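Following: one structure in structure tokens, then a few remarks.
The values are calculated or read from the model by the stated rules, or taken from the named source; none is laboratory data. The structure displayed is predicted, hence computed values, not measured ones. FYI the Cβ positions are ideal-geometry reconstructions off the backbone, even for glycines, and counts take in every protein chain you see.
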Amino acid sequence: MTAGRAPWRRMALAALGTAAALALPSGARAADAYPAKPITMVVPFAAGGPTDVVARTLAAAMSKNLGQSVVVENRLGAGGTVSAAYVAKAAPDGYTILIHHNGMATAPALYSKLPYKPLTDFSFVGQVADVPMTLLGRHDLPPRTLPELVAYIRQNQGKLNLANAGLGAVSQLCGMLFQKAIGVDLTAIPYQGTAPALTALLGGQVDILCDQTTQTLPHIKADKVKLYGVTTTQRIKALPNTPTLSEGGLKGFEVKVWHGVYAPRGTPPAVIDRLNAAMRAGLKDPAVAARLAELGAEIVPEDKQTPEGLRTWLQSEIEKWSPIIKAAGVQAD
Ligand code: MLT
């Protein structure tokens, strides 16, 4: 008898389950099934460049963990702000996410009409990795060391240019700090990312570029560019014999690039948790760690890989850079 009633009990329980699921807010149901289709990871700079390299390494690792493709889409323009504005306005369903760097913190001071608010228009997923920068010259630029470069720039005022990836790019931030430190202005040549900027440097069309090791190391090792120093306070493992810019005479010079993953504001917490878990699992993958280390990048400690770790870091970076940028008098509409 008992056994005979079991199918009815099962059906009743199933019906209750369906009713309970229907009573859930649709966001919670969607989060349950998430991800049910490919996710787009928006990258603010050119394909093949430093942000793209970190994005593609992470996207491949996250795809494995999520069981769905994480497809990288490069949306270029305005020093990264085109991508950030796009993701800020995307549906908050976890299918459009953004990877961005320090530009998230510098844009509010650089753009008077920024169409998004970094701290309130996004849900935070977590921080990824830090990357040092290198100050480079075209291969046939005469100076061999940083003091020689500074002297050469002073003797050739108005003649040298500096490539960057636009206002909001770290190459622009580093170049701006360099010009302030030496007290000379260089002619800025903006590109849509440092991939094309580095191509121009390698081709001898531009003179100087500050760019991330994730892109520059192979060219430095192949002796295709002049290397004047690294932008971190300590020398880096990948280039142990290269002095820091601070050692070379620009006391206290420091730019370190950091990366964060964001989703539009209002993305369900369960979806953020899933993305965060996939991101952290990816960063634990030994192949990912080895690939990033090979490019001079350093995975951030686990407390920074959290949504709150990214939010507090972004806030501190906005507070750090805004007064420096305002004092430099650099701003676009
Ligand atoms: C890039 O990926 O092209 C760079 O991160 C741009 C920059 O910020 O310099």
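For this structure, a couple of remarks:
- Listed by position, the helices (runs of 4 or more DSSP H) contained in segment 228-333 that have at least 2 residues being in contact with a Ser or Thr (Cβ under 9 Å, 6 or more places away or on another chain), surrounded by 21 or more Cβ atoms within 10 Å (Cβ to Cβ) and outside the structural domain of His100 (by TED's automatic domain parsing) form an empty set.
- Once segment 174-200 is narrowed to residues that are in a helix (DSSP H, G or I) and of a type in the set (A, V, I, L, M), the residue that is farthest from the ligand (Cβ to nearest atom) is Ile182.
- Out of Ala151, Ala90, one residue alone is surrounded by fewer than 23 Cβ atoms within 10 Å (Cβ to Cβ) and in contact with a strand residue (DSSP E or B) (Cβ under 7 Å, 6 or more places away or on another chain). It is Ala90.
- Qualifying residue in segment 288-305 (condition: closer than 29 Å to Pro115 by Cα and more than 17 Å from the chain's Cα centre (by Cα)): no
- The listed residue being under 19 Å from Pro196 (Cα atoms) and either small (Gly, Ala, Ser) or in contact with a Leu (Cβ under 9 Å, 6 or more places away or on another chain) (or both), out of Gly158, Gly137, Gly94, Gly126: Gly137
Let's see how each residue does on (1) surrounded by fewer than 21 Cβ atoms within 10 Å (Cβ to Cβ); (2) β-branched (Val, Ile, Thr); (3) within 16 Å of the ligand (Cβ to nearest atom):
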{"position": "Phe45", "(1), (2), (3)": "no, no, yes"}
{"position": "Pro50", "(1), (2), (3)": "no, no, yes"}
{"position": "Val53", "(1), (2), (3)": "no, yes, yes"}
{"position": "Gln68", "(1), (2), (3)": "yes, no, no"}
{"position": "Gly79", "(1), (2), (3)": "no, no, yes"}
{"position": "Val82", "(1), (2), (3)": "yes, yes, yes"}
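- Residue check, Leu141 over 15 Å from Gly80 (Cβ atoms) and surrounded by 17 or more Cβ atoms within 10 Å (Cβ to Cβ): yes
- Of everything in segment 137-173 that is part of a loop (DSSP other than H, G, I, E, B) and within 16 Å of the ligand (Cβ to nearest atom), the residue that is farthest from Ile189 (Cα to Cα) is Gly168.
Condition check ((1) among the polar types (S, T, N, Q); (2) without any contact (Cβ under 8 Å) to a residue 60 or more places away in the chain) across all residues:
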site	(1), (2)
Pro38	no, yes
Val53	no, no
Thr57	yes, no
Met62	no, no
Ala78	no, no
Lys117	no, yes
